[in-house]
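Take a look at the structure below.
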Amino acid sequence: MKLSSFITRATERLEGLYPTDEARSIITILYTERLGIADYIPALEPSYEIDGDTLSVLESDVCRLCSGEPVQYVTGAAWFCGRRFKVGPGVLIPRPETEELAQYALAELPRGGSALDLCTGSGCIAWTLALGARDSAVVGVDISEAALTVAAAQPLEGNRPEFRKGDILSEESYGGDFDVITCNPPYVLGSEGAARRRSVVEFGPEQALFVPDSDPLVFHRAAARIVNAALRPGGFGIIEINESLGPEAAELFSAAGFGEVELVKDFRGKTRFVRVKKALF
């Protein structure tokens, strides 16, 4: 089958779940990953043929996509800050707005500095910091063994983070005076689940997504405690938050003793991060 024909047919099959442009983007991710080709090949080589065995794999992939499974879980890979990361159902798929968190943190991490990434998941933030700041010492922490296995097995070379198992709800600190601390904790309210995409709710790891409506800032309260204990004087922290709870999240960090607390919007204009700095004295 010609690749162009496959793209047309597969896109049409996904249009029941996604808008046409998004469906086409998903299929583009699929064929570039599976075939190892650039996305411009269909235009450059309109007669490009897919062999029978590969077509069978792609057709099976499309069936999975039609069930709502994210394309990143189907291919086993996701891009984050220009690097290809291994992902699977045990970890969240890194999102574009989280790339902003990593870039803010990287700008504050000096060469030879130290960083702590709480709720590390796939390790994409920890790896980005370790590879982006030369000679840095980066520690990633998560409660999930599955996530830590994925994080440690990322097919990347260079300065490797250290990954540790830990529960931020029960542990006070992780030792050391860190220059930078990042955290992307669970923050989706249970009541928001119905409004979230099926691909997120049904396929993402529940432990990394949801918080109880009765205490939606439970992880941020723990993060505020740990950041205050583990950050060096003058150090920088950035935490991802639920866009609907910005003022409440900022108040937690102010109450924890941070004099410099700032809410930051993401590229979509949604309140997405709390940035803090620890006083020098």
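Residues that are farther than 22 Å from residue 187 by Cβ, open to solvent by less than 10 Å² (accessible area, probe 1.4 Å) and out of contact with any Phe, Trp or Tyr (no Cβ under 7 Å at 6 or more places or on another chain) are absent from the stretch 81-90.
Applying the set (1) closer than 21 Å to residue 67 by Cβ; (2) under 24 Å from the mean Cα position of the chain (by Cα); (3) of a type outside the set (Asp, Glu) to residue 8 leaves exactly one unmet item: (2). Any residue at all in the stretch 192-201 that's at pLDDT 95 or above and either assigned to a helix (DSSP H, G or I) or open to solvent by less than 60 Å² (accessible area, probe 1.4 Å) (or both)? Looking through the stretch 192-201, none of the residues is at pLDDT 95 or above and either assigned to a helix (DSSP H, G or I) or open to solvent by less than 60 Å² (accessible area, probe 1.4 Å) (or both). Checked against the criterion of being free of Cβ contacts under 8 Å to residues at least 24 places away in the same chain and under 21 Å from residue 203 (Cα atoms), the stretch 51-59 contains one or more residues that satisfy it.
Results for (1) without any contact (Cβ under 8 Å) to a residue 12 or more places away in the chain; (2) closer than 23 Å to residue 175 by Cα; (3) in contact with a helix residue (DSSP H, G or I) (Cβ under 8 Å, 6 or more places away or on another chain); (4) of a type in the set (A, V, I, L, M, F, W, C), shown as yes or no for each residue.
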site: 205; (1), (2), (3), (4): no, no, yes, no
site: 219; (1), (2), (3), (4): no, yes, no, yes
site: 241; (1), (2), (3), (4): no, no, yes, yes
site: 257; (1), (2), (3), (4): no, yes, yes, no
site: 271; (1), (2), (3), (4): no, no, yes, no
site: 279; (1), (2), (3), (4): no, yes, no, yes
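Checking the structure you have, find out if any residue of the stretch 259-271 is at pLDDT below 95 and either surrounded by 15 or more Cβ atoms within 10 Å (Cβ to Cβ) or not aliphatic (A, V, I, L, M) (or both). Yes, some residue in the stretch 259-271 is at pLDDT below 95 and either surrounded by 15 or more Cβ atoms within 10 Å (Cβ to Cβ) or not aliphatic (A, V, I, L, M) (or both). When residue 81 is tested against (1) at pLDDT 95 or above; (2) over 19 Å from the mean Cα position of the chain (by Cα), exactly one condition is not met: (2).
Considering only residues that are open to solvent by 40 Å² or more (accessible area, probe 1.4 Å) and part of a helix (DSSP H, G or I), look in the stretch 39-60 and name the one that is farthest from residue 128 (Cα to Cα). For the stretch 39-60, the residue satisfying everything is 52.
The listed residues are 16, 36, 68, and the only one of them that is more than 29 Å from residue 155 (Cβ to Cβ) and either buried (at least 19 other Cβ atoms within 10 Å of the Cβ) or not hydroxyl-bearing (Ser, Thr, Tyr) (or both) turns out to be 16.
Suppose the filter is more than 19 Å from residue 2 (Cβ to Cβ) and touching a strand residue (DSSP E or B) at 6+ places or on another chain (Cβ under 6 Å); does residue 84 pass it? In short, yes. Only one of the numbered conditions (1) more than 27 Å from residue 265 (Cβ to Cβ); (2) among the small types (Gly, Ala, Ser); (3) under 16 Å from the mean Cα position of the chain (by Cα) is violated by residue 123, and that is (1).
Pairing each residue of the stretch 61-83 that is in a helix (DSSP H, G or I) with any residue that is exposed (fewer than 15 other Cβ atoms within 10 Å of the Cβ) and at pLDDT below 95, provided the two are 6+ apart or on different chains, yields C-beta distances under 7 Å for 73/89. Checking each residue in the stretch 231-250 for being assigned to a helix (DSSP H, G or I) and surrounded by 13 or more Cβ atoms within 10 Å (Cβ to Cβ) picks out 243, 244, 245, 246, 248, 249, 250.
The values are calculated or read from the model by the stated rules, or taken from the named source; none is laboratory data. If you're wondering where the values come from, they're calculated on a predicted model, not measured in any experiment. For neighbour counting, all protein chains shown are included, and Cβ atoms are generated from backbone atoms with ideal geometry for every residue, glycine included. Areas reflect the complete protein model, heavy atoms only, side chains present, ligands, DNA and RNA absent. Shrake-Rupley method; radii C 1.70, N 1.55, O 1.52, S 1.80 Å.
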